[in-house]
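Presented below is the structure to which this report refers.
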Amino acid sequence: MNIALFGPPGAGKGTQAKELSKYYNIPHISTGDILRANVRDGTELGLKAKQYMDKGELVPDEVLIGLIRNRLSESDCDTGYLLDGYPRTIPQADALTDILNEINKPLDAVINIEVSDNELVKRLSGRRSCACGESYHVMFNPPEKEGICNACGAGLYQRDDDKEEVIRQRLAVYNDKTKPLIDYYDDAELLVNIDGSGAVDVVLNDICNIMDKFK
Ligand code: AP5
Ligand code: MG
Ligand code: ZN
């Protein structure tokens, strides 16, 4: 199954993708996670990307298109993939269509997780992340020990772009550059809308009902 999870910052793409990837045994490809790993490792890509990410801006299309082309060509994508955070612009979506045609892995569906702006701000401002990939929320999904990751015991941190002013900027960038993809994928008859405002398990169940059709 070849799926893209779509939605604004904080909609729950990462939270859902983590579960879906285990359940369906397909790789979770988060461009945000790949970029953050590069920032942590101090690679050339990471140094370039950080300037944009810290301001809540998008990293240039040509960087992302190269990155996603390489990642989708890896052999673990042979049985399917779950995209999270890509595509985010019309040029990225056009490039994706070309790449997927070349490798013969066209999308089955684009699942759009809908959540109100107020809820997004609450989710993002309360998120706490771990370098191992886990993430928590101070109210909605607190770790067993405050500030400590349940999975690996490391200290949790707040993402630099989860500060209030940067959150507002990310939402503005989403509305301007990314939201037009809803019509783009609706026209392509790939879009499925999901109510993302419920509890994690409820949203997960709704997404599974869609993905089961492509097993
Ligand atoms: P990226 O990492 O993709 O961030 P994002 O799209 O802004 O989305 P988030 O990861 O913030 O939210 P999410 O939907 O994954 O929510 P989560 O599950 O964590 O991108 C970061 C930056 O990288 C971009 O700004 C850009 O600079 C760059 N970048 C990445 N991809 C790019 C691209 N393609 N092109 C250009 N630049 C790119 O949940 C959020 C919180 O809510 C958590 O605390 C969670 O516990 C909680 N939560 C989740 N679900 C629920 C629920 N149902 N109920 C209650 N709480 C919930
Ligand atoms: Mg995420
Ligand atoms: Zn951890």
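The values are calculated or read from the model by the stated rules, or taken from the named source; none is laboratory data. Fair warning: this is a prediction, and the values are worked out from it, not measured in the lab. Please note: Cβ atoms are built from the backbone with ideal geometry, for glycine as well, and neighbour counts cover all protein chains shown. All accessible areas refer to the heavy atoms of the entire protein, side chains included, with ligands and DNA or RNA removed. Shrake-Rupley method; radii C 1.70, N 1.55, O 1.52, S 1.80 Å.
A few comments on the model shown:
- Residues of segment 27-63 satisfying the condition of being among the β-branched types (Val, Ile, Thr) and within 15 Å of the chain's Cα centre (by Cα): 29, 31, 34, 59
- Helices (runs of 4 or more DSSP H) fully within segment 4-70 that include at least 2 residues being surrounded by fewer than 20 Cβ atoms within 10 Å (Cβ to Cβ) and of a type in the set (Ser, Thr, Tyr): 13-24.
- Residue that is open to solvent by less than 40 Å² (accessible area, probe 1.4 Å) and over 17 Å from the mean Cα position of the chain (by Cα), where the choices are 109, 95: 95
Yes or no, residue by residue, for (1) free of Cβ contacts under 8 Å to residues at least 60 places away in the same chain; (2) closer than 21 Å to residue 38 by Cβ:
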| residue | (1), (2) |
| --- | --- |
| 131 | no, yes |
| 137 | yes, no |
| 162 | yes, yes |
| 171 | no, no |
| 174 | no, no |
| 183 | yes, no |
| 186 | yes, no |
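- For residue 81: the one exception among (1) at pLDDT below 95; (2) open to solvent by less than 20 Å² (accessible area, probe 1.4 Å); (3) hydroxyl-bearing (Ser, Thr, Tyr): (1)
One line per residue, one yes/no per condition, for (1) within 14 Å of ligand 2 (Cβ to nearest atom); (2) hydrophobic (A, V, I, L, M, F, W, C); (3) in contact with an Asp or Glu (Cβ under 9 Å, 6 or more places away or on another chain):
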| site | (1), (2), (3) |
| --- | --- |
| 135 | yes, no, no |
| 145 | no, no, no |
| 148 | no, yes, no |
| 151 | no, yes, yes |
| 165 | no, no, no |
| 170 | yes, no, yes |
| 173 | no, yes, yes |
| 181 | no, yes, no |
| 185 | no, no, no |
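- Tally, over segment 75-110, of residues that are in contact (Cβ under 8 Å) with a residue 40 or more places away in the chain and assigned to a loop (DSSP other than H, G, I, E, B): 11
- Checking 156, 171, 191 one by one, the residue that is modelled with pLDDT of 95 or more, more than 12 Å from ligand 1 (Cβ to nearest atom) and crowded, with 17+ Cβ neighbours inside 10 Å is 191 and no other.
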